[in-house]
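Accompanying notes for the structure given below.
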Amino acid sequence: MLQFIVIRFIQTIPVILGVTLLVFSLIHLIPGDPAQIMAGEAAPEATVEAMRERLGLNDPLHVQYGRYMSSLLQGDLGQSVRTSRPVMDEIQPRIMITIRLAIYSMIVSIILGLVAGVVSAVRRYGVLDATLMLAALFGFSMPNFWLGLMLIKLVSIDLALLPPSGWGTWQQGILPIITLGTGGAAIIARMTRSSMLDVINQDYIRTARAKGLKERVVIYKHGLKNALIPVVTVVGIEMGMLLSGTVLVETVFAVNGMGRLAIDAIRARDFPVVQGIVLIFALIFVAVNLLVDISYRYLNKRIELN
Amino acid sequence: MSDLAHGTQDAQVQAVKGSSNWYLIYKRLKKNKTALIGGYLIFFFIIVALIGPLFTVHDPLRVDYSTRLLPPSSDFWLGTDHNGRDIFTRLIHGMSITLYIGFLSVFVGMVIGVPMGILSGYYGKLLDTIIMRIVDVLLAFPGILLAIALVSVLGGSINNVIIAVGVFSIPGFARIVRGTTLAVSKLEYIEAVRALGASDLRIIFLHILPNIVSPIIVQATIRIAIAILIASGLSFLGLGAQPPIPEWGAMLSQGRSYMFDHPHVALFPGLAIVTVVLAFNLFGDGLRDAFDPRTRV
């Protein structure tokens with residue numbers, strides 16, 4: 001197990017290197033002169049030159065990347081073009097908001113998804129199963145930003161039950177969390193159902209039933225426990241959807257998280273901030289996947305390391 | 001139940017079944033009602049995209065403040081937006097944009113991802129390692145984020161959305177194709193063909209490609225649904241199609257400020273997105289069942 005963790009950890013190093021290279025390259029993918037665009041269309045040549053100098057764009061690419069990496073290792077993500085503050089200072093107060101939003105939504109996804117999936121599997125081909133699976137299909141065919149808008153209209157405006165925007169009180173949290181969690185719940189429900197059905201047809205479930213165990217014990221103790229293993233991998237993928245989904249949901253509900261900061265920075269052509277946020281999101285996601293792989297391995301020791 | 005082993009097994013079963021059984025697949029697909037509904041809906045949407053605009057009576061772009069924010073009526077079936085434009089007309093005109101982005105971006109992802117997967121699975125070794133590390137890097141960006149990052153530097157336009165969503169679709173194709181190629185190239189008859197002196201190119205095009213078509217088609221169908229969702233999200237954020245283009249995500253973005261008093265401006269573009277995405281998901285589900293009845297995710 002320890003060996004697995006170490007190997008898996010080492011495997012992420014080239015990925016992280018690749019991610020930094022891609023994030024670094026972003027600014028060079030800008031059609032035209034990035035310094036001109038960040039300084040503003042009408043900026044005089046002197047200002048543009050100053051911007052170029054400030055971002056180090058005059059140096060050869062490999063020197064730029066080397067400098068980028070060495071700052072990165074010291075926790076320096078560069079400077080915001082808009083506020084001249086370090087990018088890290090811009091992002092830091094917002095990271096936890098976004099991570100909380102994503103984690104709470106994940107919890108909602110898992111609970112709703114598992115319950116719906118198990119109920120569907122137990123009542124397979126029944127009316128309840130059909131209804132739940134149709135709802136799940138809608139759930140992941142729906143753009144989350146639209147669901148958010150509809151919830152604001154219905155719950156906040158028409159029924160005046162919850163605040164339409166902001167973040168801080170638990171009332172403000174409910175709608176964004178439901179909005180973000182719905183798509184994930186739908187996918188987990190489908191995955192749980194199919195995984196449960198696979199398990200229910202296994203020999204050892206028949207044996208458990210033949211032993212005279214209560215149906216509830218068979219389903220929850222023997223069935224669900226084994227059915228959960230493949231579901232764990234979906235949770236990892238889900239976390240990626242949730243993390244990036246915060247960009248849309250934070251925009252809809254005016255939550256001051258990292259996602260909203262990203263959109264503000266894009267609108268202001270503040271590329272160092274955009275780069276920083278993209279990098280942080282990717283690093284969080286890489287870490288989550290590492291955790292998921294390790295827990296998957298823990299849950300299912302039969303998997304051999306490639 | 002190892003994921004990889006499971007996938008390989010499926011692929012082998014699929015490969016043995018072969019793609020010569022198109023008739024069987026068609027029969028299975030016909031029995032699957034939800035898939036049929038999805039298929040017919042997609043067909044209908046394509047027709048609407050192609051000839052729908054010819055039948056609309058209103059102008060999708062002309063601003064007319066005298067008809068501003070009207071509720072649905074017999075004149076304006078789904079009401080009008082803040083610029084007095086008929087929403088139904090705009091949705092019909094937007095259909096081709098939505099499908100164009102969906103199909104083309106997935107095509108871009110397929111054209112790059114499929115060869116990557118074949119090379120990786122067929123040649124293995126160093127090439128496999130390099131290609132799969134690239135795929136890992138692309139997958140390290142959660143969900144829509146890579147597309148957002150690309151569009152933010154390239155600039156907001158329909159073509160840039162297609163590029164961004166296309167790049168986002170590459171790893172999905174590369175991974176699936178690598179897995180199936182790996183499984184197929186281990187089959188005995190491929191060994192036999194190779195022993196007969198067939199070139200790699202011949203083996204890939206005549207023997208491997210036909211065997212991996214079905215997972216590619218399933219993947220493409222589901223990817224179109226995701227691509228449409230992501231593209232509408234980009235436009236909603238103001239990073240994709242720009243006003244006054246009647247792109248559905250952009251319509252939602254603009255309708256947002258007016259939806260509290262006039263919910264129809266946000267309701268209908270969203271429903272349009274849901275319906276189209278749903279159709280592709282239904283069809284994709286059905287195709288997967290038809291190609292391989294053993295997987296029922």
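The values are calculated or read from the model by the stated rules, or taken from the named source; none is laboratory data. Because the structure is predicted, anything quoted here is derived from the model rather than measured. When we count neighbours, we look across all protein chains shown, and the Cβ atoms used for this are built from the backbone with ideal geometry, even at glycine. When the accessible area is computed, the model is the full protein with side chains, heavy atoms only, and any ligands, DNA or RNA have been set aside. Shrake-Rupley method; radii C 1.70, N 1.55, O 1.52, S 1.80 Å.
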Are any residues in the range B:255-274 surrounded by fewer than 17 Cβ atoms within 10 Å (Cβ to Cβ), part of a loop (DSSP other than H, G, I, E, B) and more than 7 Å from every other protein chain (Cβ to nearest Cβ), and if so, which ones? B:Asp261
Counting only residues that are in contact with a strand residue (DSSP E or B) (Cβ under 9 Å, 6 or more places away or on another chain) and on the phi > 0 side of the Ramachandran plot, how many does the range A:268-301 have? 0
Restricting attention to the range A:174-185, does a residue exist that is over 20 Å from the mean Cα position of the chain (by Cα) and either within 14 Å of chain B (Cβ to nearest Cβ) or buried (at least 22 other Cβ atoms within 10 Å of the Cβ) (or both)? no
Any pair with Cβ under 8 angstrom, 6 or more apart, that starts in the range A:24-44 at a residue that is more than 9 Å from chain B (Cβ to nearest Cβ) and ends at one that is hydroxyl-bearing (Ser, Thr, Tyr): A:Phe24/A:Tyr65; A:Phe24/A:Tyr68; A:Ala39/A:Thr47; A:Gly40/A:Thr47
How about the range A:194-306: which helices (runs of 4 or more DSSP H) wholly inside it have at least 2 residues that are hydrophobic (A, V, I, L, M, F, W, C) and at pLDDT 90 or above? A:225-253, A:258-267, A:271-299
Over the range B:225-239, the set of residues open to solvent by less than 20 Å² (accessible area, probe 1.4 Å), in contact (Cβ under 8 Å) with a residue 40 or more places away in the chain and within 12 Å of chain A (Cβ to nearest Cβ) is B:Ala225, B:Ile228, B:Ile230, B:Ala231, B:Ser232, B:Gly233, B:Leu234, B:Ser235, B:Leu237, B:Leu239
Which one of B:Ile51, B:Ile37, B:Ile47 is within 30 Å of A:Pro230 (Cβ to Cβ), at pLDDT 85 or above, open to solvent by 60 Å² or more (accessible area, probe 1.4 Å) and not in a loop (DSSP other than H, G, I, E, B)? B:Ile37
Quick one: B:Ile245 ticks every box in (1) under 24 Å from the mean Cα position of the chain (by Cα); (2) at pLDDT below 90; (3) more than 14 Å from every other protein chain (Cβ to nearest Cβ) except a single one, so which number is it? (2)
Would a scan of the range A:150-170 turn up a residue that is assigned to a helix (DSSP H, G or I), open to solvent by less than 50 Å² (accessible area, probe 1.4 Å), in the same structural domain as A:Gly259 (by TED's automatic domain parsing) and in contact with a helix residue (DSSP H, G or I) (Cβ under 6 Å, 6 or more places away or on another chain)? yes
Filtered residues of the range A:58-113 (kept if assigned to a loop (DSSP other than H, G, I, E, B), open to solvent by 60 Å² or more (accessible area, probe 1.4 Å) and acidic (Asp, Glu)): A:Asp76
May I ask you to list pairs of residues, at least six apart or on different chains, whose Cβ atoms are under 8 Å apart, with the first in the range B:55-79 being farther than 18 Å from B:Tyr258 by Cβ and part of a loop (DSSP other than H, G, I, E, B) and the second being among the hydrophobic types (A, V, I, L, M, F, W, C) and at pLDDT below 85? B:His58/B:Phe76
Selected residue (criterion: nearest to the other protein chains (Cβ to nearest Cβ)) from residues of the range A:129-156 that are free of Cβ contacts under 8 Å to residues at least 40 places away in the same chain and hydrophobic (A, V, I, L, M, F, W, C): A:Trp146
When restricted to B:Val165, B:Val135, B:Val218, B:Val153, the only residue under 25 Å from A:Met239 (Cβ atoms), within 12 Å of another protein chain (Cβ to nearest Cβ) and not aromatic (Phe, Trp, Tyr) is B:Val135
Scanning the range A:33-57 for residues that are aliphatic (A, V, I, L, M) and more than 19 Å from A:Ser80 (Cα to Cα), which turns out most open to solvent (accessible area, probe 1.4 Å)? A:Ala42
Subset tally (residues that are open to solvent by 70 Å² or more (accessible area, probe 1.4 Å), more than 19 Å from B:Ile273 (Cβ to Cβ) and of a type outside the set (Gly, Ala, Ser)) for the range B:64-102: 4
Any chance B:Leu154 is farther than 30 Å from A:Phe271 by Cα and without any contact (Cβ under 8 Å) to a residue 24 or more places away in the chain: no
